[in-house]
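The values are calculated or read from the model by the stated rules, or taken from the named source; none is laboratory data. Predicted model only: the values in this text are computed from it and were never measured. Cβ placement follows ideal geometry from the backbone for every residue including glycine, while neighbour counts extend to all protein chains displayed.
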Amino acid sequence: MAYADCGTYGALDEVCARLGLRRLPGLHCYDVLAGPERMRAMFAAEPGTYVLTDFLVRSFERTVLAELGLDRYPQLWPDYFGHYRRVVWLAQDPEPGLAAKAEQVAARFGLPLTVVPTGTARLERELELLVAGDGMRSLGLHPQKNVGGAPTTTNDSGQRGGPGSGGRP
């Protein structure tokens with residue numbers, strides 16, 4: 001499964017266990033792209049960080065504005081995003097057109113854009129490890145059991161991921 005947990009709170013792990021599948025490790029795709037230590041440091045430095053990936057930059061109008069109803073109810077913007085203090089783009093392929101779109105997203109927040117070049121090397125390595133059968137351990141994540149008995153993943157400090165752990169709505 002070419003997904004990290006990405007806010008499912010272990011539900012993806014339950015599906016993977018039921019189907020006998022492995023998934024990419026990590027609390028969210030940001031771990032796969034930038035590394036969990038780098039992401040922890042970024043959020044520790046500024047908890048109000050909204051994180052963009054190339055996908056989110058390309059699809060922001062549809063996957064964020066339209067899905068949250070902000071295209072119809074723009075007055076809700078402060079309720080959803082008023083607590084953010086910076087926008088960080090984990091740039092896998094920082095082409096000029098995409099960079100301009102990332103700047104536009106940051107401008108919607110009224111915040112400056114910080115670009116963190118990540119490339120795709122970590123993702124490629126994780127996909128290779130996943131296919132080879134070692135995807136769970138490569139980012140320091142270990143299979144564990146939760147209270148209900150379904151497999152889930154935690155980081156080495158025992159913290160679980162989810163929507164509150166990243167900038168994704």
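Residue pairs whose Cβ atoms lie under 7 Å apart, sitting 6 or more positions apart in sequence or on different chains, and linking a residue in the range 36-50 that is over 16 Å from Leu111 (Cβ atoms) and in contact (Cβ under 8 Å) with a residue 12 or more places away in the chain to a partner that is among the polar types (S, T, N, Q) and part of a loop (DSSP other than H, G, I, E, B), are Pro36/Asn155.
Checking the condition of a type in the set (Phe, Trp, Tyr) and either over 21 Å from Thr120 (Cα atoms) or touching a strand residue (DSSP E or B) at 6+ places or on another chain (Cβ under 8 Å) (or both), which residue from Phe55, Phe60 passes?
Details: Phe55 fails: either over 21 Å from Thr120 (Cα atoms) or touching a strand residue (DSSP E or B) at 6+ places or on another chain (Cβ under 8 Å) (or both).
One residue alone meets the criteria, Phe60.
For the range 101-125, enumerate the residues that are modelled with pLDDT of 75 or more, part of a helix (DSSP H, G or I) and either closer than 18 Å to Phe43 by Cα or basic (Lys, Arg) (or both).
So the first thing to find is which residues in the range 101-125 are modelled with pLDDT of 75 or more, and the list is 101-119, 125.
Within this subset, residues satisfying the condition of being part of a helix (DSSP H, G or I) are 101-109, 125.
Within the range 101-125, Lys101, Ala106, Arg108, Phe109, Arg125 meet the criteria.
Every residue, every condition in (1) in contact (Cβ under 8 Å) with a residue 24 or more places away in the chain; (2) within 11 Å of Val51 (Cβ to Cβ); (3) of a type in the set (D, E, K, R), yes or no:
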{"residue": "Tyr80", "(1), (2), (3)": "yes, no, no"}
{"residue": "Arg85", "(1), (2), (3)": "yes, no, yes"}
{"residue": "Val88", "(1), (2), (3)": "yes, yes, no"}
{"residue": "Pro96", "(1), (2), (3)": "no, no, no"}
{"residue": "Lys101", "(1), (2), (3)": "yes, no, yes"}
{"residue": "Ala107", "(1), (2), (3)": "no, no, no"}
{"residue": "Pro112", "(1), (2), (3)": "yes, no, no"}
{"residue": "Val115", "(1), (2), (3)": "yes, no, no"}
